[in-house]
Amino acid sequence: MLLNATGQNLNGGEFSTPFRYATGNITVDFALGPIQYIYNNGAFTITAPAQAGSCILNIFNLASAGAVAFSGWTVGSNTGEALTTTNGSKFSLMMWGVTGTYSYSIKALQ
């Protein structure tokens, strides 16, 4: 299988090893894989990527979870469910973008 070829047929799916970001401010990188995660152990900012693609970013709140800010994203007034700072709460952010327009949607997993 060639990753840059078009019209390919993939049978059977694939396994993906989730990528873990270090705690703190991050810039999303779609090239790190389709499943990514970070532990929220203090306020941090999620910056939009510079390349086209998509991924799911899971956020796992720890005891010192802080507010999550966003930079460089194109969103409307409704980005999905609210991100809280409750210890033990979990969230999935579906993220996508192309040609300089990057967006996301939030799903609470409580």
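Some observations on this one:
- Of all DSSP bridge pairs formed entirely within the chain, close to 50 percent run antiparallel.
- Residue-wise HN-Hα coupling along segment 49-63, computed from phi with Karplus coefficients 6.51, -1.76, 1.60 (Hz; x: Gly, Pro): x, 9, 10, 6, x, 7, 6, 10, 10, 8, 10, 10, 6, 9, 4
- The stretch between PHE19 and LYS90, if pulled fully straight at 0.36 nm per residue, gains 23.9 nm over its current Cα-Cα span.
- Ascending count of other beta-carbon atoms within 10 Å, so fewest first, for VAL28, VAL68, VAL75: VAL75, VAL68, VAL28
- Extension gain, SER105 to ASN11, is 31.0 nm, computed as 0.36 nm per intervening residue step minus the present C-alpha separation.
- When segment 19-108 is reduced to its Cα atoms, the Kirkwood hydrodynamic radius in Å: 13.0
- Span from the segment 55-110 Cα centroid across to the segment 17-36 one, whole angstrom: 13
- Calculated on the Cα set of segment 5-49, radius of gyration then Dmax: 14.4, 44 Å.
Just so you know, all these numbers are worked out from the coordinates, no wet-lab data involved. As the structure is a computational prediction, the values presented were derived from the model and not from experiment. Positions of Cβ are generated from backbone atoms using ideal geometry, with glycine treated the same way; all protein chains shown enter the neighbour counts.
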